[in-house]
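Presented below is the structure to which this report refers.
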Amino acid sequence: MAHVVWGLYLAGEPIFAVVVMAICIGAIIIFGSRRFYIGRFIFPAITAVFVFIALPVVYASYVGLPILAPVTSSFLTVSLTII
């Protein structure tokens with residue numbers, strides 16, 4: 001696990017490395033403890049929703065935001081100049 005996380009970090013993907021580390025730590029805690037037996041059935045579903053739905057939306061927003069910032073600021077400047 002540590003080699004995968006470290007490799008992702010060195011590859012320039014620190015956010016994805018933190019997500020992988022959090023999922024691995026969560027799996028170790030949930031599947032390693034008798035107290036969280038019910039969580040063994042819920043954890044894979046929550047993890048799948050987070051990895052395949054929430055993470056791509058947040059990451060795409062993070063990547064696309066700097067691209068749209070100059071367009072938005074120039075649009076606002078033009079609209080304020082016209083008024």
Single residue of 5, 78, 57, 71 found to be part of a helix (DSSP H, G or I) and modelled with pLDDT of 90 or more:
5
Tell me which residues, restricted to the range 43-69, are more than 14 Å from the chain's Cα centre (by Cα), over 22 Å from residue 1 (Cβ atoms) and of a type outside the set (Gly, Ala, Ser).
65, 66, 67, 68
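The values are calculated or read from the model by the stated rules, or taken from the named source; none is laboratory data. Quantities reported herein were computed from a predicted structural model and do not represent experimental measurements. With ideal geometry, Cβ positions are generated from the backbone for all residues, glycine too; neighbour counts draw on all protein chains shown.
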